[in-house]
Amino acid sequence: MPALLATLVAVGALAVAYVAGGAVHDLVAIRRKRRAQAGTAALGALLTSTEGAEAARALGLLSSLPRSVLVSLLRSLAADVEGPALGRVRAVANATGLHHAIRRLARSRRWRRRLRAAQLAHLLPRRDLARRTLLEDRHALVRARTAEGLNLGESPEDVDILVRLLRDDHPAVAFAAQHALLQGGTVPLSALVVALDDPAFEGTALALEVLAKIPDPRLGGVLTRFADSPLPDVRAMTAQGLGAGAVPEAAETLSRLLGDPEPRVRASAAAAVGGVGAVELAPVLGRMLADRAWEVRHEAATALGELGPPGLLVLRRHVDDADRFASDIARQVLDIVAARSAGAVPSGTAGRPSPRSRAAA
């Protein structure tokens with residue numbers, strides 16, 4: 001009996017302890033949820049308020065929140081705000097000492113904690129060493145997330161490491177770095193040119209894709225070096241860059257690329273001819289209206305529509321072409337140009353044929 005009684009007492013104590021522990025856990029969870037809700041409301045008020053007193057109250061409430069709650073709130077919000085709103089979020093981070101928490105997370109041995117720091121890295125002050133540490137983290141997801149949040153307009157000193165990340169072994173990191181560079185305008189231009197001068201650089205295709213979005217005619221000499229690359233993606237990016245930069249001396253290189261064995265390279269070159277206004281290549285584009293690949297015919301016809309009278313003359317010659325696909329797409333572009341001249345079609349749509357002739361692709 002004494003043993004049974006002792007067992008019952010022990011079981012009862014465990015049950016009470018379990019119930020009490022569960023109740024305490026629930027109370028803590030409820031309190032945390034209420035704090036998070038209050039923090040969300042305060043953060044919303046801070047970002048949208050036009051009154052200084054209301055913004056000050058919201059900032060005071062946010063400053064009183066536990067650091068873990070504040071980190072969770074800003075992780076879910078900071079990446080989606082920009083401009084003045086981002087400035088206010090950074091003011092919260094500064095006023096609450098969140099920078100120190102981010103730096104501690106960046107030094108953690110657990111990669112998930114470092115990932116939290118990466119999600120908040122753009123709130124750190126300029127030239128903060130923690131951001132550089134996260135960009136060089138041993139875990140690919142941490143590197144990728146940090147790169148995604150970079151703004152080169154605010155931290156141009158990070159451009160060199162982003163260019164290095166273009167050759168990262170993990171594709172997610174390389175594409176995140178490319179995304180940040182693409183958002184950087186002309187900031188990465190010099191660093192990319194230097195990298196492409198290195199024959200051992202392994203991020204050539206991604207780097208050229210960034211340069212192709214920078215309309216700078218001075219890039220002609222850099223881009224033409226890659227016109228004979230064995231990689232079709234590199235040749236296509238070369239053509240695209242020559243067109244986007246409106247390089248005056250690009251016609252000779254584009255003429256070679258118009259005869260490339262890869263359809264996507266021919267299509268990129270045809271589009272670039274329209275971009276640089278190389279009217280001397282109009283006859284070549286006319287022959288490409290009968291190309292076996294739909295995308296090539298489409299870009300060739302579009303480019304002819306953009307070349308003005310010389311291009312339109314070539315299109316008219318092909319309206320009665322023996323190849324029905326060449327005839328069809330030439331007629332489409334001429335109809336669009338005529339409609340634009342009559343004011344029936346917005347100017348931005350001129351020379352953009354519909355995919356009716358895609359059936360031959």
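Readers should treat all values here as calculations from the given coordinates under stated rules, not as data from a laboratory. Only a predicted model underlies this, so the values are computations on that prediction, with no experimental measurement involved. Every residue, glycine among them, receives a Cβ derived from its backbone with ideal geometry; neighbour counts consider all protein chains shown.
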Residues S255, S155 arranged by fewest to most Cβ contacts within 10 Å: S255, S155
Ranking of I329, I161 by count of other Cβ atoms within 10 Å, fewest first: I161, I329
Centroid-to-centroid separation of the stretch 153-179 and the stretch 289-305 [C-alpha atoms, Å]: 35 Å
Three-way shape label, the stretch 189-259, alpha-carbon gyration tensor, a/c 1.5: oblate
Neighbour-count order for T302, T224, fewest beta carbons within 10 angstrom listed first: T224, T302
Cleavage-rule hits, trypsin sites (Lys or Arg not before Pro), the stretch 112-212, DSSP coil, Cβ neighbours within 10 Å at most 12: R126, R127, R138
Prolate/oblate/rounded call for the stretch 270-345, Cα gyration tensor, a/c under 1.5 rounded: oblate
Sparsely packed trypsin sites (Lys or Arg not before Pro) within the stretch 224-262, loop by DSSP, other Cβ within 10 Å at most 13: R225
Zone residues, the stretch 153-195, relative to E202, backbone N less than 18 Å from point 7 Å out along Cα-to-Cβ: 161-178, 195
Point-to-point label distance, R112-A339, nm (Cα→Cβ direction, 7 Å offset): 5.6 nm
Chain lengthening between D169 and L313 when straightened (0.36 nm per residue, less Cα-Cα): 46.8 nm
